[in-house]
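**Student:** Let me give you the structure first, and then I'll get to my questions.
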Amino acid sequence: MINPSFAPPPPRWLAADNATSNVFAVGIVNSAGTVELRGTAFLLDKPGLIATASHVVGRGNNTICVVLPDIDNINQYQTALLKQVQYLKAELVAFDPIHDLAVLRVPEFAPFVNHGLAVTGTDHIGVGQDVISFGYPHLDSGRKVLTRFDSKIGAKIFLPASAVNVKNMVLNTLARPGQSGAPIFRANSNELVAVLSGAYQPPNTGLSIIIGGANLSAMSQTTHCVSAEYLKEMY
Amino acid sequence: MNSIMSFLEASEPDNWIAALPSYQRNTILEMRARGASYEDIASTWIAAGASNTAPFSTGGPPQPDPGFLEKLRGEIRAYLCGDKKYDKDRKQLIAGGKEIHAFFISGMSVGIAPFVGASSIVIAPLIALMLATIGKVSLNAWCANS
């Protein structure tokens, strides 16, 4: 739980580099008025719109908020454990639980567009190719650090989601809570190929073993990311 | 009320699905092609999630809420069958005068959302699916049987 303060984006935000100005932590404002950070969201190529994983926003019954970056550049030192954050309210625009994607509108972001973004999908990227992601791992422990991850595509899979086969790719990396909704880019490009949704968890294991807050059955280098092609239809 | 009744009775079940945005409509049509009923799809939709995937939002996986759909069904019934708490919403829907399915779904979703604890965007496809299950029956008969 983090105490919120509401404020418009600082002017320096406009001058921020790509990662810091386009990738945010997203959360909800709970009934006690504190912010619960949930996952990662990123700016889209239309004014004021951002995207994340649908499970990050739940059923949208709480106030959804986007937490503003507190750095200008990803090379700056970040304060890992924050007691206070600046946030803006976001409203749900599109929701697709089958493909685990959601689009949100942040009215204050209306002047901002992620001009260079090219939303494609997983069809034209191959196994073994390099991808880059930015996200906020360990948000569950109150740690808000925008972090870059470099990994390779390990496999392309159909992941059955409620009787529909959904195109996913497997990344050879260990993801952590808070990274859901993180954008996955083809390396050295602005081509969005997928959105991070979670990690492989073996079926029918019954009880998950939780040690120190970590679900051991999901601690694998098998990270699932849904193809960005499904996002294109949503906004 | 009469205008809502006549509109519902004149609507084909598929009209409600056709009124949804393409990203929802196409998925629902894919499920229909695999033999799922509207009712099945509504149940599936609300419990959706990729198989064998532990979601990595800090809230963890969405918690199952088997009563949610029944609660929503009850509110749709209340809305359509004349419950006083929806008087204002029904009047607005009729005053809108747009007997188009998308307007109808949107109006109902906005009215019902606060009573089921979910965003209108989240419940809109579920409302469309449930209206499709009602089909072209007489609203009076449907309300009497509910």
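**Student:** Looking only at residues that are of a type in the set (S, T, N, Q) and more than 14 Å from chain A (Cβ to nearest Cβ) in the range B:98-146, which one is surrounded by the fewest Cβ atoms within 10 Å (Cβ to Cβ)?
**Tutor:** B:145
**Student:** Looking at the range A:189-210, can you tell me whether even one residue there is modelled with pLDDT of 95 or more, under 15 Å from the mean Cα position of the chain (by Cα) and either within 9 Å of chain B (Cβ to nearest Cβ) or not in a strand (DSSP E or B) (or both)?
**Tutor:** yes
**Student:** Taking the condition within 14 Å of chain B (Cβ to nearest Cβ), part of a loop (DSSP other than H, G, I, E, B), surrounded by fewer than 24 Cβ atoms within 10 Å (Cβ to Cβ) and touching a residue at least 60 places away in the same chain (Cβ under 8 Å), does residue A:178 pass?
**Tutor:** Answer is no for this residue.
**Student:** Does the range B:12-33 hold any residues that are within 14 Å of another protein chain (Cβ to nearest Cβ) and in a loop (DSSP other than H, G, I, E, B), and which are they?
**Tutor:** Hits for the range B:12-33 are B:20, B:21.
**Student:** Also, quick follow-up: Considering every residue within the range A:48-57, establish whether at least one is more than 14 Å from chain B (Cβ to nearest Cβ), in a strand (DSSP E or B), surrounded by 23 or more Cβ atoms within 10 Å (Cβ to Cβ) and modelled with pLDDT of 80 or more.
**Tutor:** yes
**Student:** I'm checking my understanding of the structure. Among residues of the range A:138-160 that are buried (at least 18 other Cβ atoms within 10 Å of the Cβ) and polar (S, T, N, Q), which one is farthest from the chain's Cα centre (by Cα)?
**Tutor:** A:151
**Student:** What's the number of the condition residue A:125 fails, among (1) over 17 Å from the mean Cα position of the chain (by Cα); (2) at pLDDT below 90; (3) surrounded by 15 or more Cβ atoms within 10 Å (Cβ to Cβ)?
**Tutor:** All conditions pass for residue A:125, except number (2).
**Student:** Give the range A:87-137 a look and list any residue that's more than 9 Å from every other protein chain (Cβ to nearest Cβ) and either of a type in the set (D, E, K, R) or out of contact with any strand residue (DSSP E or B) (no Cβ under 9 Å at 6 or more places or on another chain) (or both), or say none.
**Tutor:** A:89, A:105, A:108, A:110, A:111, A:115, A:116, A:123, A:130
**Student:** Looking at B:36, B:47, B:42 in this structure, which one is within 14 Å of chain A (Cβ to nearest Cβ), at pLDDT below 90 and either more than 30 Å from residue A:143 (Cα to Cα) or surrounded by fewer than 17 Cβ atoms within 10 Å (Cβ to Cβ) (or both)?
**Tutor:** Checking each option against the conditions leaves just B:47.
The values are calculated or read from the model by the stated rules, or taken from the named source; none is laboratory data. Here the structure is a predicted model, which means the values were calculated and not measured. Note: ideal-geometry Cβ built from the backbone for every residue, glycine included; neighbour counts use all protein chains shown.
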